Amino acid sequence: MAQILNFQIGAVCDVPHLKKHDIAANRPCQVNTEILEGDVYKYYSDGEWRKSSSGKSVAIINPTTRKTQYKVQACTQEEVNKVMDSAKSAQKSWAKTPLWKRAELLHKAAAILKEHKAPIAECLIKEIAKPAKDSVTEVVRSGDLVSYCAEEGVRILGEGKFLVSDSFPGNERTKYCLTSKIPLGVVLAIPPFNYPVNLAVSKIAPALIAGNSLVLKPPTQGAVSCLHMVHCFHLAGFPKGLISCVTGKGSEIGDFLTMHPGVNCISFTGGDTGIAISKKAGMIPLQMELGGKDACIVLEDADLDLVAANIIKGGFSYSGQRCTAIKVVLVMESVADALVEKVKAKVAKLRVGPPEDDSDITPVVTESSANYIEGLVLDAKEKGATFCQEYRREGNLIWPLLLDNVRPDMRIAWEEPFGPVLPVIRINSVEEGIHHCNASNFGLQGCVFTKDVNKAILISDAMETGTVQINSAPARGPDHFPFQGIKDSGIGSQGITNSINMMTKVKTTVINLPTPSYTMG
């Protein structure tokens, strides 16, 4: 790699499972001094790393230590205006850049990103308490996504349509219609805390290959990881102003960004904030994924060992802090006892502790999140749910908990805990399970476990969710698969191809001929 991150003074990276060659030039995994001044990270605008004129910063709290780990700039509305002006200007030139050249730069950024997975993974560990191996995986997966997007974009955007008028009744062949895909303009990307790098590049790469410019507003928890990721794009040599990253408090620049007249498209992943954004954004394309209450329906003939393994993977990985996590198990009464015992045995083997130790269950992202989860647990206890383990919490760390005999009058039956707490509702019919799934205001994903493929398809068709997984836990990827929710779970569809198409619009040119013309064989 011609250009590499230049990590300077600091402590040696302590990410477990990383070999020496995982670290750029075998140097320590420290912060690049170009993006840090003192103890505050800079924001990125017009190809430069800058300090905010506000003189203020936003603290990022380490979920494990509950102490300030990093600080980022608190950008002002005036600085947002300048970013938008730069983005608009840069986009005009970028749209004229040959498609192969856009792809070439994306491939370069992907290589730099993967080459420097260690320092970015270190940030993920400390900002969002993601286990070490999962942090590395997220960065590598993100690099793969960028490369795939570059290749897919060349093919999608390199094709147009040619239509002739005489295919419609009453017309002679006097009109030739040429259609192509053109960029929307400035795309505002807002990723969530739980996958700040992967869900940022899932927006950045489609936007850039399509000829748009990109303004990134990272989550507070995950902002430094995003800044390091943006630095990889910076080193790849993209034009100034094409990519910007503004940090700060949502209360000060959140609405200002989403309602800014310079924004031509918003891609948002997160929670209820997305609903508010959709009401304020006006007539621009929106791509939103806003969470879920993913149901797992288990039939009598299911392979219970397979179900139990997927419940553990789907319900407890990254401490349940995933939109596609299994959030409620709807199991037929006849096999409920056996399934609960199998899941209990696997829960007992989950390792609980800090992310540096590659624990299965790590602290949830904030104290307020932990308090919210605890509220759901206490409500279930008060209303008579069966606790399969003792409820235990230390700070932001909540031990995994399976709740059996949950009833629909309990909050945990409907609300999304975003933590390592999983309710089990016993059902007496498939229809009862489908009804509970469809009664939710969410509709992201669901899953059904059965050996009867005919039943599986019927249930899948009946479930009001964007995706149904058969005999597997819900999942976001592979990243080129369509990914969408209905109801309060989102607007539009993601996945590399869908995102590229969403971030473009159709341009038509019609050639009018003086007389009908037909191609002769």
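The values are calculated or read from the model by the stated rules, or taken from the named source; none is laboratory data. For clarity, every value in this text was computed on a predicted model and none was experimentally measured. Ideal geometry is used to build each Cβ from the backbone, glycine not excepted, and the neighbour counts take in all protein chains shown. SASA here: full protein model, heavy atoms, side chains in, ligands and nucleic acids out. Shrake-Rupley method; radii C 1.70, N 1.55, O 1.52, S 1.80 Å.
What to note about this one:
- Of Lys42/Lys67; Lys82/Lys249; Lys96/Lys175; Lys133/Lys451; Lys56/Lys88; Lys67/Lys203, those spanning more than 24 Å from alpha-carbon to alpha-carbon: Lys96/Lys175; Lys133/Lys451; Lys56/Lys88; Lys67/Lys203
- Based on Cα contacts under 8 Å between residues 6+ apart, region 219-329 shows a relative contact order of 19 percent.
- Where a label projected 7 Å from the Cα of Glu464 along Cα→Cβ would reach, residues of region 273-300 with amide N under 19 Å: 275, 289-297
- Glu431 accessible area, 1.4 Å probe, all protein chains in place, Å² to nearest 10: 130 Å²
- Only the Cβ atoms of Lys and Arg (+1) and of Asp and Glu (-1) were treated as charged; on that basis the dipole of region 373-419 about its Cα centre amounts to roughly 80 debye.
- Here the chain carries DSSP beta bridges of which approximately 50% are antiparallel, counting only pairs with both residues inside.
- In terms of accessible area, using a 1.4 Å probe and ignoring ligands and nucleic acids, Arg411, Arg155 rank largest first as Arg155, Arg411.
- When only the Cβ of Lys, Arg, Asp and Glu is charged (+1, +1, -1, -1), the dipole of region 442-521 relative to its Cα centre reaches about 180 debye.
- Projecting the Cα atoms of Ser54, Pro420, Val377 onto the charge dipole of the chain (Cβ charges, centred on the Cα centre) puts Ser54 farthest toward the positive pole.
- Reachable lysines, given that their alpha-carbon falls under 29 Å from the alpha-carbon of Lys455 and they are not under 8 places away in the same chain: Lys293, Lys313, Lys327, Lys342, Lys344, Lys346, Lys487
- Span-rule helices in the chain, defined as complete DSSP H runs reaching 18 Å or more along the axis (Cα) with Kyte mean at least 0.5: 223-236
- Centre separation in Å (Cα based) which lies between region 127-179 and region 475-521: 8 Å
- Rounded, prolate or oblate (a/c below 1.5 giving rounded, otherwise prolate when a/b exceeds b/c) for region 170-301 by Cα gyration tensor: oblate
- Sum of -39500 (n - 2.57) over DSSP H runs of 4+, divided by residues of the chain (222 nm, nearest 500): -11000 deg cm²/dmol
- Three-way shape label, region 229-289, alpha-carbon gyration tensor, a/c 1.5: prolate
- In terms of accessible area, using a 1.4 Å probe and ignoring ligands and nucleic acids, Glu172, Glu122 rank largest first as Glu172, Glu122.
- For Ile398, the amide hydrogen comes within under 5 Å of the amide hydrogens of Val364, counting only partners 5 or more places away or on other chains and with H modelled in the peptide plane.
- Prolate/oblate/rounded call for region 302-425, Cα gyration tensor, a/c under 1.5 rounded: oblate
- Basic side chains Lys and Arg get +1 at the Cβ, acidic Asp and Glu get -1 at the Cβ, and with that the dipole of the chain about its Cα centre reaches some 1620 debye.
- Order of exposure, largest accessible area first, which applies to Thr97, Thr269 with probe 1.4 Å: Thr97, Thr269
- For the chain: relative contact order, % (alpha-carbon pairs under 8 angstrom, 6 or more apart): 17 percent
- Taking the alpha carbon gyration tensor of region 254-327, multiplying each eigenvalue by 5 and rooting it gives semi-axes of 37, 12, 8 Å, largest first.
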